[in-house]
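First comes the structure, then the notes that go with it.
The values are calculated or read from the model by the stated rules, or taken from the named source; none is laboratory data. Given the structure is predicted, the values throughout are model-derived calculations rather than measurements. Note: ideal-geometry Cβ built from the backbone for every residue, glycine included; neighbour counts use all protein chains shown. Please note that ligands, DNA and RNA were not included when accessible areas were found on the heavy atoms of the full protein model with its side chains. Shrake-Rupley method; radii C 1.70, N 1.55, O 1.52, S 1.80 Å.
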Amino acid sequence: MRRIQAGNALSAFGLGFTVPYLYVYVAQVRDLGATTAGAVLAVFAMAALVALPFTGRVIDRRGPLPVLVGAAVLASVGAASMGLAGSVPAVVLSAALLGAGTAVMQPALATMIVWSSEASTRTRAFATQFFLQNLGLGIGGLIGGHIVDESRPGSFVLLFGIEAAMFLVLAGIAISVRLPRSLSLQEARPENTEAKAKGGMRALLGHRAMVQLCVLGFVLFFACYGQFESGLAAYGTEAAGIEPATLGTALAANTAVIVVAQFVVLKFVERRRRSRVIAAVGLIWAVAWIAAGYAGLGHGSQAMATAAFVSAYGLFGLGEAMLSPTVAPLVADLAPEAMVGQYNSAFALVKQLALAVGPAVGGPMGAALHGPYIVTFVLFSLGISVLALRLGRRLTPVQDQPSLVSRSRVVATHKPAEQLEPAA
């Protein structure tokens with residue numbers, strides 16, 4: 001588990017060097033325009049839509065380690081080529097490689113964490129993953145902000161080169177990992193024929209609680225993560241007059257909130273219903289979008305606008321800290337043991353779909369339709385609260401609030417009532 005978490009943190013550190021500046025890099029440094037930048041960010045996410053439908057089945061049959069190593073190498077190639085790309089075809093191809101690689105890493109890492117944890121420790125394991133991931137992302141963004149220079153394309157080559165190297169570090173660490181081989185994990189390996197007998201994705205689509213969670217996940221990622229790299233960055237630079245280097249500071253503020261609040265929030269979340277925690281996140285994010293809207297009004301000083309914009313990122317971080325020990329463990333608790341990889345891949349697919357649609361919608365809106373952009377995402381945030389409360393009615397009491405029972409293997413292996421027989 002320590003090696004998995006360390007590799008994940010280092011790869012996030014490399015990713016942080018480029019995430020806040022990808023829009024600026026394509027639109028301004030390479031002078032390809034805002035429309036091309038939005039399209040490139042959409043391709044970055046859409047590439048995952050091709051890879052992820054096959055990823056879960058491969059993970060369940062071959063294990064997550066080879067999948068993770070292959071994805072890390074692919075992402076490294078994409079990052080290195082992005083730093084050298086100067087034309088639309090080259091940038092699009094690089095974004096496709098980088099997007100597919102980083103997307104496939106997600107279910108592979110999540111499955112490794114499930115295999116290396118028990119039901120009683122899984123919530124904290126996913127919270128730790130998110131904490132370290134964002135710590136690496138924020139530190140990378142902060143350092144990258146001091147390196148980046150719009151007048152020197154070579155500074156971006158350096159950023160993407162560091163990112164490529166960190167992905168290779170993740171691959172090297174993953175090769176050294178030896179996953180535990182308990183009885184329950186053996187049942188989840190290729191020799192188990194249960195997943196094949198139950199129809200794979202057909203069983204997942206028949207699991208109503210999981211389907212509702214996927215719908216909720218789409219809105220979550222569309223209204224937050226799908227805007228960080230495109231719409232919110234475009235809105236900040238165009239409407240609020242935020243300097244590109246300040247985007248790195250805003251991301252650092254987002255990370256700082258996660259670093260400070262993650263384990264304090266964890267103690268609160270562990271004793272609350274997951275559905276109500278997610279509903280509270282929707283309300284917090286609505287306030288964050290209102291703060292971002294204030295930054296672009298232009299009625300105050302530039303310092304006030306910058307403070308409001310950075311505060312919005314901080315509020316997003318608070319919501320993210322509440323989600324990290326909530327959503328990913330819930331996916332694991334809903335999944336049959338033999339389909340952990342497929343459930344994680346399905347949820348990652350939903351995330352990438354939101355990340356594909358988010359930049360395509362948010363980029364142009366954030367750059368040109370400032371008022372409607374803010375109103376739209378305030379409403380989406382409120383919709384998160386509504387969907388979360390509806391999901392809560394589908395969950396069993398233990399799924400919604402795992403603290404109701406003591407350590408139990410059954411919690412982690414709950415099987416959909418519509419598809420599978422109850423555990424003995």
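Within segment 214-251, which residues are within 16 Å of residue 137 (Cβ to Cβ), open to solvent by 20 Å² or more (accessible area, probe 1.4 Å) and assigned to a helix (DSSP H, G or I)?
Within segment 214-251, 221, 225, 228, 249 meet the criteria.
Any residue at all in segment 344-352 that's under 23 Å from residue 235 (Cβ atoms) and buried (at least 22 other Cβ atoms within 10 Å of the Cβ)?
Yes, the conditions are met somewhere in segment 344-352.
With the condition kept exactly as written, say whether any residue in segment 2-25 is open to solvent by less than 40 Å² (accessible area, probe 1.4 Å), touching a Lys or Arg at 6+ places or on another chain (Cβ under 9 Å) and of a type outside the set (Gly, Ala, Ser).
Within segment 2-25, none of the residues are open to solvent by less than 40 Å² (accessible area, probe 1.4 Å), touching a Lys or Arg at 6+ places or on another chain (Cβ under 9 Å) and of a type outside the set (Gly, Ala, Ser).
State whether the residues of segment 294-307 include one that is modelled with pLDDT of 85 or more, out of contact with any Pro (no Cβ under 8 Å at 6 or more places or on another chain), of a type outside the set (Gly, Ala, Ser) and open to solvent by 40 Å² or more (accessible area, probe 1.4 Å).
Scanning segment 294-307, I find no residue that is modelled with pLDDT of 85 or more, out of contact with any Pro (no Cβ under 8 Å at 6 or more places or on another chain), of a type outside the set (Gly, Ala, Ser) and open to solvent by 40 Å² or more (accessible area, probe 1.4 Å), so the answer is no.
Please pick out the residue among 60, 31 that is more than 22 Å from the chain's Cα centre (by Cα) and of a type in the set (Asp, Glu).
31
Determine whether segment 262-273 contains at least one residue that is in contact (Cβ under 8 Å) with a residue 60 or more places away in the chain, open to solvent by less than 10 Å² (accessible area, probe 1.4 Å) and at positive phi.
no
If residue 73 meets every condition in (1) among the aliphatic types (A, V, I, L, M); (2) open to solvent by 40 Å² or more (accessible area, probe 1.4 Å); (3) more than 15 Å from the chain's Cα centre (by Cα); (4) closer than 30 Å to residue 400 by Cα apart from one, which number is that one?
Exception for residue 73: condition (4).
Any idea which residue in segment 311-333 is least open to solvent (accessible area, probe 1.4 Å), counting only those that are at pLDDT 85 or above and over 17 Å from the mean Cα position of the chain (by Cα)?
Within segment 311-333, the match that is least open to solvent (accessible area, probe 1.4 Å) is 312.
Considering 371, 341, which residue is farther than 18 Å from residue 316 by Cβ, open to solvent by 30 Å² or more (accessible area, probe 1.4 Å) and not acidic (Asp, Glu)?
None of the others qualify; the one that does is 371.
Within segment 91-115, track down each residue that is farther than 18 Å from residue 133 by Cβ and at pLDDT 85 or above.
Across segment 91-115, the qualifying residues are 91, 92, 93, 94, 95, 96, 97, 100.
Do we have residue 119 as of a type in the set (A, V, I, L, M, F, W, C) and open to solvent by less than 10 Å² (accessible area, probe 1.4 Å) here?
no
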